[in-house]
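*Asks:* Please read through the structure below; I'll follow up with questions.
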Amino acid sequence: ALDEIRLLEVGQIDLNGSLFDCDAAEIQQRLVALPEVGGAKVKCNYPGTLEVTVSARRPFVWIACDARDIPARDLARGMLVDRGGRLFRCTRSMYDEAKRLPVIELRDGGESLEPGDVIDHPDYARGIRLYTIALEASTEALEWVDVIRQHKAWGSKLITRDRIEATFGHEDLDRQMEDFLAAVGHAR
């Protein structure tokens with residue numbers, strides 16, 4: 001979730017100072033406030049050890065939004081979303097795993113798309129619903145779903161990694177996904 005240098009900056013830890021100057025609860029509170037951090041524990045082990053355990057937020061999908069200059073799968077400006085819908089920036093250490101995740105494209109910026117916010121956007125809600133149906137229908141959906149975008153008012157477009165494009169209406173997604181997988185399997 002963060003490297004040692006960022007830990008020192010965020011925790012305001014002075015390496016030349018005393019362990020007695022460290023407030024474990026305050027450092028923990030600062031770490032947990034970071035959008036990319038899922039959890040943190042900080043403990044002072046006197047006389048000279050500060051024990052810090054940090055867990056990264058687990059990415060589920062990327063979002064992309066041209067209106068807000070949020071590019072897809074971009075380490076510097078890209079945005080990830082965890083399963084709970086919380087937005088956060090991708091860290092360098094999680095990029096190799098995260099770059100395989102699908103992208104949900106948003107047509108406009110909506111309310112707020114800031115790190116730490118819980119995303120509340122109709123395009124995202126429809127996209128994540130379609131992606132969830134794909135995961136339920138195929139254990140390998142993570143490998144083949146590339147991009148989901150709102151296509152028309154009545155449907156979303158799913159694009160696979162091998163460039164198959166399929167349009168899904170917003171209703172009866174289970175049946176549509178079953179038909180899609182059957183058609184792709186038959187074509188192969």
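The values are calculated or read from the model by the stated rules, or taken from the named source; none is laboratory data. Owing to the predicted nature of the structure, the values given are computational and were not obtained by experimental measurement. Glycine gets a Cβ as well: all are built from the backbone with ideal geometry, and neighbour counts include every protein chain shown. When the accessible area is computed, the model is the full protein with side chains, heavy atoms only, and any ligands, DNA or RNA have been set aside. Shrake-Rupley method; radii C 1.70, N 1.55, O 1.52, S 1.80 Å.
*Asks:* Run the numbers for LEU142 and THR53: contour at 0.36 nm per residue of separation, minus the present Cα-Cα distance, in nm.
*Replies:* In short, 29.1 nm is gained.
*Asks:* At a threshold of 8 angstrom on Cα-Cα distance, excluding pairs fewer than six apart, so keeping six or more, what relative contact order does the chain reach in percent?
*Replies:* 13
*Asks:* Among 99-107, 38-46, how do they line up from the highest to the lowest mean number of other beta-carbon atoms within 10 Å?
*Replies:* 99-107, 38-46
*Asks:* Principal axis lengths of the range 77-159 from Cα atoms, whole Å, largest first?
*Replies:* 32, 30, 19
*Asks:* When ligands, DNA and RNA are left out and all protein chains stay put, how many square angstrom of accessible area per residue does the range 109-148 have with a 1.4 Å probe?
*Replies:* Dividing the accessible area of the range 109-148 by its residue count gives 48 Å².
*Asks:* Work out how much length GLU97 to ALA183 would gain on full extension: take 0.36 nm times their residue separation and subtract the Cα-Cα distance, in nm to one decimal.
*Replies:* 28.0 nm
*Asks:* If you take the Cα Rg of the range 1-100 and divide it by 2.2 N^0.38 Å, with N the number of residues, what do you get?
*Replies:* Rounded to two decimals, the normalised Rg is 1.24.
*Asks:* While we're here: Which value results when the Cα radius of gyration for the range 1-54 is divided by 2.2 N^0.38 Å?
*Replies:* 1.04
*Asks:* If you don't mind, there's one more thing I want to ask. Assuming a ≥ b ≥ c are the square roots of the Cα gyration tensor eigenvalues, decide whether the range 140-182 counts as rounded (a/c under 1.5), prolate (otherwise, with a/b larger than b/c) or oblate.
*Replies:* oblate
*Asks:* To the nearest 20 debye, what is the magnitude of the charge dipole of the chain about its Cα centre, counting +1 on the Cβ of each Lys and Arg and -1 on the Cβ of each Asp and Glu?
*Replies:* Result for the chain is approximately 320 debye, rounded to the nearest 20.
*Asks:* Mind checking which of VAL184, HIS170, ILE133 is farthest towards the positive end of the range 82-188's charge dipole, using Cβ charges of +1 (Lys, Arg) and -1 (Asp, Glu) about the Cα centre?
*Replies:* Positive-end residue among those listed: VAL184.
*Asks:* Sticking with this structure for a sec: Counting DSSP beta bridges in the chain, what percent are antiparallel, to the nearest 5?
*Replies:* Counting only bridges with both partners in the chain, antiparallel ones make up about 80 percent.
*Asks:* Also, I was wondering about something else. Using alpha carbons only, how many degrees (0 to 90, rounded to 10) separate the axis of helix 173-187 from the longest principal axis of the chain?
*Replies:* 70
*Asks:* Continuing with the same structure: Using a 1.4 angstrom probe on heavy atoms only, work out the carbon and sulfur share of the accessible area of the range 16-157 in %.
*Replies:* Carbon with sulfur: 47 percent of the solvent-accessible area.
*Asks:* Only four residue types carry charge here, +1 at the Cβ of Lys and Arg and -1 at the Cβ of Asp and Glu. Report the dipole size of the range 1-69 about the Cα centre in Debye, rounded to the nearest 20.
*Replies:* Here the size comes out at about 340 debye.
*Asks:* More than 25 angstrom separation, counting every C-alpha pair in the chain; what % is that?
*Replies:* Distances greater than 25 Å cover 45 percent of the Cα pairs.
*Asks:* Thinking of the range 64-121 as a set of Cα atoms, what percent of all their pairs are more than 17 Å apart?
*Replies:* 30
*Asks:* Ignoring everything except DSSP H segments at least 4 long, calculate the 222 nm mean residue ellipticity for the chain; use -39,500 (n - 2.57) per segment, divide by total residues, nearest 500.
*Replies:* -8500 deg cm²/dmol
*Asks:* Given a Förster radius of 25 Å and the C-beta distance between LEU75 and ARG6 as r, what FRET efficiency does 1/(1 + (r/R0)^6) yield to the nearest 0.05?
*Replies:* With a Förster radius of 25 Å, E is 0.95.
*Asks:* Which aspartates and glutamates have a Cα lying under 16 Å from the Cα of LYS41, excluding residues fewer than 8 positions away in the same chain?
*Replies:* Hits, sequence-local ones excluded: ASP3, GLU4, ASP23, GLU26, GLU51.
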